[in-house]
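Novice: Got a structure for you, questions after.
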Amino acid sequence: MAEQQDKEIQHKRQDLDQPMVLPGIHRYQFFTNLKDRGWTRNLDRVSLFGIVAALLATVIKPILRGNPATIYCYECRACYATQDRCPVGITFQAELAVAGRVGDYDRFIRNGGLKCIRCGNCQSYCVQYLPLPQMFAIMQEDTRAAMSKGIVARHSLENALAQGLVGKEFIDDVVKAMA
Ligand code: SF4
Ligand code: SF4
């Protein structure tokens with residue numbers, strides 16, 4: 001019983017124990033009063049851990065894959081202004097940048113990543129002047145390696161071939177991956 005009371009006292013934060021914001025005025029932090037939070041008392045820590053883990057994954061994955069510039073794309077889509085200055089008709093350059101960041105081969109292929117000729121025309125439309133041709137080239141080689149390991153979905157390759165989304169330098173790789 002006494003132990004139970006001790007526990008309650010430990011978890012109870014009195015108003016006077018709250019941080020003082022002005023002389024004589026304590027800030028009342030309802031959510032820090034552990035007694036009132038019951039089973040949710042560790043929820044903020046778990047949430048924070050989740051947020052930090054997600055952020056680390058966003059940053060670490062592209063670094064490990066050798067494509068760190070993709071981290072800096074903040075998906076503003078200003079590069080879509082490239083329009084018909086892209087000689088192969090790619091319309092969603094940001095999709096390629098994001099696909100490179102998260103290692104999403106299907107998304108990269110679906111948006112024409114394998115037909116990009118790395119001319120650099122889209123780079124001048126990037127508000128951060130990111131090295132888009134280099135970023136796309138790295139992802140192209142990653143995709144080529146993934147195809148050779150058989151980890152790119154077959155339907156994704158079939159659709160790409162049917163829709164003319166494969167540049168001539170990748171045709172052999174795509175055909176081999178589908179064999
Ligand atoms: S670098 Fe690729 S996506 Fe950009 S304009 Fe040239 S072909 Fe199009
Ligand atoms: S303009 Fe640059 S930063 Fe913005 S979405 Fe395109 S690649 Fe990313």
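Laboratory data are not the source of any read-out in this text; all were calculated from the coordinates shown. Model, not experiment: these values are computed from the prediction. Positions of Cβ are backbone-derived with ideal geometry, glycine not excepted, and every protein chain shown enters the neighbour counts.
Novice: Kindly check whether there is at least one residue in the stretch 70-81 that is over 15 Å from F136 (Cβ atoms) and away from ligand 2 (no atom under 16 Å from the Cβ).
Specialist: The answer is no, given that none of the residues of the stretch 70-81 is over 15 Å from F136 (Cβ atoms) and away from ligand 2 (no atom under 16 Å from the Cβ).
Novice: If a residue counts only when it is within 16 Å of ligand 2 (Cβ to nearest atom) and among the hydrophobic types (A, V, I, L, M, F, W, C), which helices (runs of 4 or more DSSP H) contained entirely in the stretch 105-172 have at least 2 such residues? Spell out how you get there, then give the answer.
Specialist: Working: elements: 105-110, 132-148, 154-162.
Passing ranges, in order: 132-148.
Novice: In the list A94, A99, which residue meets the criterion of being under 18 Å from I63 (Cβ atoms), surrounded by 17 or more Cβ atoms within 10 Å (Cβ to Cβ) and within 17 Å of the chain's Cα centre (by Cα)?
Specialist: Values: A94 fails: under 18 Å from I63 (Cβ atoms).
Only one candidate passes the filter, namely A99.
Novice: Given the structure, is R107 within 22 Å of L55 (Cβ to Cβ) and away from ligand 1 (no atom under 16 Å from the Cβ)?
Specialist: Numbers: within 22 Å of L55 (Cβ to Cβ): yes; away from ligand 1 (no atom under 16 Å from the Cβ): no.
No; evaluated as a whole, the condition is false for this residue.
Novice: Given the structure, is A81 touching a residue at least 24 places away in the same chain (Cβ under 8 Å) and among the small types (G, A, S)?
Specialist: Values: touching a residue at least 24 places away in the same chain (Cβ under 8 Å): yes; among the small types (G, A, S): yes.
Criteria met by A81.
Novice: Just for the stretch 61-88: of the residues that are surrounded by 12 or more Cβ atoms within 10 Å (Cβ to Cβ) and aliphatic (A, V, I, L, M), which one is farthest from the chain's Cα centre (by Cα)?
Specialist: Ranking the candidates gives V88 first.
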